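Scroll down for the structure; my scribbles are underneath it.
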Amino acid sequence: MKVIKRDGSTVDFDKNKITRAIGKANEAVDFEDRVTDAQISAIVDDIASRHRRRVLVEDIQDMVEEKLMELQKYQLMKSYILYRYERALIRKANTTDESILSLIKNSNKDVMEENSNKNARTASTQRDLIAGEVSKDLTRRILLPEYISKAHDEGAIHFHDADYFLQPIFNCCLINIKDMLDNGTVMNGKMIESPKSFQTACTITTQIIASVASSQYGGQSVNIAHLGKYLRLTKEKYVKQCEEQFGGTLDGETKASFVNMRLQESLKAGVQTIQYQINTLMTTNGQSPFVTLFLYLDEKDEYIEENAMIIEEILKQRYEGIKNEKGVYVTPAFPKLIYVLDENNCLKGGRYDYLTRLAVKCSSKRLYPDYISAKKMRENYEGNVFSPMGCRSFLSPWKDENGNYKFEGRFNQGVVSINLPQCGILAKGDEKKFWEILEERLSLCYDALMCRHNALMGVTSDVSPVHWQYGAIARLQQGEKIDKYLLNGYSTISLGYIGLYEVTKLVKGVSHTDPKGMEFALKVMNSLREHCEKWKKETGLGFGLYGTPAESLCYRFARIDKEKFGDIPDVTDKGYYTNSYHVDVRENIDAFSKFTFESQFQQISSGGAISYVEIPNMRHNLTAIEDVVKYIYDNIQYAEFNTKSDYCHVCGFDGEIVINDDNEWECPVCHNKDQRKMNVTRRTCGYLGENFWNVGKTKEIKARVLHL
């Protein structure tokens, strides 16, 4: 029999611990209220004889109380109960006061830096964050089993988004935007009919995004291919107007020129509406919608030419940027863009290669779009190409009653992540012990994930009409339960993981890029995947393995483990754990080798995976970026670029800082020359770390590599 302790760890059943506990309780009461040693042994033997495979420590305490009652030792039982109650009160003490006050004082760094789309200094956002702190406290103390809360607090696992667990809402989704545009929808009790023009479709789309984002806590993705239909409607409208207004007075070429001019105006205005609305609308959570636009040119799409026009305009406007409060063009955080590479645009002579070159140019300045290889995705998802959800998790293939694959209108119920390095630390180099600990921790993750699932069961459609009644997910009746969308794999539920690199170092003594380490790392990944498949088979739920893009969690796990276990070379001493399966940033590896290496883990991590490379001087390296993009198409499913760009902290300019006539770095917009208020990428050696003042404290900022 295994006993699950309050911290989530599992130990062998030990009779002596029960004997000692009852013995201590005996000492707290009068002699006549005590039990004898023989009676204590009988109680212990009775509990041991139940032969339960796993038992909570709280259940054992309940069994002790039952036996004391049977023996009519009421004072002893009362003393035992009071002791338990006193300990429970201590564990369940309210802990929100300090966290909430620190939010108001803008000193709660963990919460303030957790989400890029939340400005934690504004009153409206603070209201949501305060509610989140209350939700986290109630989740930890009351809603979750104590052993799961303890495991979260100890950094064994991470129960994501506890700040929203109090509410019956889910993580992220693929909005069924086609259904909502084609068949109409309802928002705030008002009917919105199918649009008749591209600009109206763009406006309705952004309203849907804001409404959906207000009733879930994760991101949402929209396939812009569904807007192509409305761009064609707009063109047909202009053709009709042209005929009605000019008739036979204009030749065909002039009419076509007129129609195209009007169409381009509508196209630009519609895309601008999407960009500006998403960046200015605030959800009821006090944040910008965490939205992703999926840019895919499907050869089977009858509106592919219109969609090519829309993608081109989206990339042009993203390249230009958006003005900040000082009127300077900067890179907007949203919408995030995902550009799909296929045979028609993979820079091998396809007719849409010009769009890919524009995407590369946009990436060089604005970092987005990310890139998905349709070729690799079809290999991994039964021939399908579809968008990840806003949180970067992927759905599993699912067919409706007619045998058709369906992705839009589906969602993720929630995520729980495992701290792999902590398993390695506790194993102390013993690989056999590591696998035992991993098994225990995965059992914890399963229990925590089922808490997420069970919290949504029985919820009715009234909790979020835009999701459940008006098409974002479903078209249910008022009061109808959402249960069928939680079962049979329709929605996913995700196991995340952090620190494959570090756990490999701990157990095998080498990086997972070393052949010896890679074998172990793949074995760990396959074990995680196999557990998800086993849980899926046992429950019918859509469990998936998710390479969590959670940078803040990389720091949280590392911080907790450093406090518990001290500095461990190349593990806790860095201050962070490497995200999911990624190669550690300090390893000397080129972009192509990195993608080749990480692609094998993406195949296993089908519930979500993204890889990235850092390319220095991206604005001057378009050819290099194109080479990498070509490589992405043939070798890896999902990738993005990172770099450190110039940035002026005075005006917000994130273009290229120039050297003026006096040989000084100068912002070309506000003409700031204070190097302490600028981040300048040194291009001579390509060093991308932080610069520092030289010994003489002159205006010169030195790069650490060549000391320029």
> Filtering region 334-347 down to residues that are part of a loop (DSSP other than H, G, I, E, B) and modelled with pLDDT under 95, which residue is surrounded by the most Cβ atoms within 10 Å (Cβ to Cβ)?
Replying inline: Pro335
> Which one is nearest to Glu614 (Cα to Cα) among residues in region 365-385 that are open to solvent by less than 10 Å² (accessible area, probe 1.4 Å), hydrophobic (A, V, I, L, M, F, W, C) and in contact with a helix residue (DSSP H, G or I) (Cβ under 9 Å, 6 or more places away or on another chain)?
Replying inline: Ile372
> Would you pick out the residues in region 400-414 that are at negative phi and modelled with pLDDT of 95 or more?
Replying inline: Asn404, Tyr405, Lys406, Phe407, Glu408, Arg410, Phe411, Asn412, Gln413
> Are any of the residues in region 283-297 within 40 Å of the chain's Cα centre (by Cα) and assigned to a helix (DSSP H, G or I)?
Replying inline: no
>> On the basis of being of a type in the set (Phe, Trp, Tyr), in contact with a strand residue (DSSP E or B) (Cβ under 7 Å, 6 or more places away or on another chain) and surrounded by fewer than 24 Cβ atoms within 10 Å (Cβ to Cβ), does Tyr470 make the cut?
In response: no
> Within region 142-162, how many residues are outside any loop (DSSP other than H, G, I, E, B) and either farther than 19 Å from Phe411 by Cα or open to solvent by 50 Å² or more (accessible area, probe 1.4 Å) (or both)?
Replying inline: 12
> Can you name the residue in region 620-653 that is at pLDDT below 65 and of a type outside the set (Gly, Ala, Ser) and, of all such residues, is most open to solvent (accessible area, probe 1.4 Å)?
Replying inline: His649
> Out of region 207-219, which residues are surrounded by fewer than 24 Cβ atoms within 10 Å (Cβ to Cβ), under 20 Å from Cys391 (Cβ atoms) and in contact with a Leu (Cβ under 9 Å, 6 or more places away or on another chain)?
Replying inline: Ala210
>> Can you confirm whether Pro397 is free of Cβ contacts under 8 Å to residues at least 24 places away in the same chain and within 24 Å of the chain's Cα centre (by Cα)?
In response: yes
> What number of residues in region 565-608 are among the hydrophobic types (A, V, I, L, M, F, W, C), over 24 Å from the mean Cα position of the chain (by Cα) and open to solvent by 40 Å² or more (accessible area, probe 1.4 Å)?
Replying inline: 3
>> Suppose we filter Cys451, Cys362, Cys445 for residues that are in contact with a Phe, Trp or Tyr (Cβ under 7 Å, 6 or more places away or on another chain) and either buried (at least 20 other Cβ atoms within 10 Å of the Cβ) or not aliphatic (A, V, I, L, M) (or both); which single one remains?
In response: Cys362
>> I'd like the residue in region 242-282 that is assigned to a loop (DSSP other than H, G, I, E, B) and closer than 30 Å to Val466 by Cα and, out of all such residues, is modelled with the highest pLDDT.
In response: Leu281
> If you go through region 508-523 one residue at a time, do you hit one that is within 23 Å of Gly390 (Cα to Cα), open to solvent by less than 20 Å² (accessible area, probe 1.4 Å) and not in a loop (DSSP other than H, G, I, E, B)?
Replying inline: no
> Can Gly228 be described as modelled with pLDDT under 90 and either surrounded by 18 or more Cβ atoms within 10 Å (Cβ to Cβ) or polar (S, T, N, Q) (or both)?
Replying inline: no
> In region 531-564, what count of residues is obtained for those that are open to solvent by 70 Å² or more (accessible area, probe 1.4 Å) and not basic (Lys, Arg)?
Replying inline: 5
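The values are calculated or read from the model by the stated rules, or taken from the named source; none is laboratory data. Predicted model only: the values in this text are computed from it and were never measured. Cβ sites come from the backbone with ideal geometry, for glycine too, and all protein chains shown count toward neighbours. Remember, those area values only see protein heavy atoms, side chains included, never the ligands or the DNA or RNA. Shrake-Rupley method; radii C 1.70, N 1.55, O 1.52, S 1.80 Å.
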